[in-house]
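Accompanying notes for the structure given below.
The values are calculated or read from the model by the stated rules, or taken from the named source; none is laboratory data. Small disclaimer: the values here were computed from a predicted structure and weren't measured. Here the Cβ positions follow ideal geometry from the backbone for every residue, glycine too, while neighbour counts run over all protein chains shown. Quick note on the areas: whole protein, heavy atoms, side chains included, nothing else; ligands and nucleic acids left out. Shrake-Rupley method; radii C 1.70, N 1.55, O 1.52, S 1.80 Å.
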Amino acid sequence: MNLTAEEDAQFAEIARARTARHPLRTWLYVPLQRVVTLWFTPRIEQLPISGNVFPLAQTWETDRQDMSTTIGFFLLNLLYVTLAIWGALGIGRGLPEARPAILLLACFVLLRTVFLTTVETPEPRYLLVCFPIVIAVAAQVFARRRSAVGNR
């Protein structure tokens, strides 16, 4: 769809008016919603499931297996991110010499996430390059526990 210059100016004026009325919505809430969507939307494009969860009651009645799989992948994403934060904090506290590496990796993930919140149509697949970092840092939770058990 091509817009004329006049139509584009009208949409720009609407955007300016909305931002003036609710600046927090424009600069904080919408980007945070995009971050949650980018990080916690299940990556199921190649799977034979719909990925629909809402409306809850109707989806549960009509497509229980797809809904369960989608929620399971959401919880898996949540687990990965939680373990990565836990691992990064543990490395930062326990290994001061590793702090620059963790900081570099965290900056990459953070900058990529922030950049994607500014894109008109961000997709969760654009964050897949961050998951090797997330998994590697999350694994440190278990590596540190194993070494602590081995030292007893």
| said: One residue is enough: does the range 44-52 have a residue meeting the conditions open to solvent by less than 80 Å² (accessible area, probe 1.4 Å), in contact (Cβ under 8 Å) with a residue 60 or more places away in the chain and either assigned to a helix (DSSP H, G or I) or among the charged types (D, E, K, R) (or both)? | reply: no
| field | Selected residue (only one of 84, 139, 101 is surrounded by fewer than 16 Cβ atoms within 10 Å (Cβ to Cβ), of a type in the set (A, V, I, L, M, F, W, C) and in contact (Cβ under 8 Å) with a residue 40 or more places away in the chain) | value | 139
| the range 109-123: number of residues that are part of a helix (DSSP H, G or I) and open to solvent by 90 Å² or more (accessible area, probe 1.4 Å) | 3
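Taking the range 57-78 as the region of interest, how many residues are open to solvent by less than 90 Å² (accessible area, probe 1.4 Å) and either under 23 Å from residue 126 (Cβ atoms) or aliphatic (A, V, I, L, M) (or both)?
We begin by selecting, within the range 57-78, every residue open to solvent by less than 90 Å² (accessible area, probe 1.4 Å); these are 57, 59, 63, 66-74, 76-78.
After this cut, where a residue has to be either under 23 Å from residue 126 (Cβ atoms) or aliphatic (A, V, I, L, M) (or both) as well, the list is 57, 67, 69-74, 76-78.
So the answer is 11.
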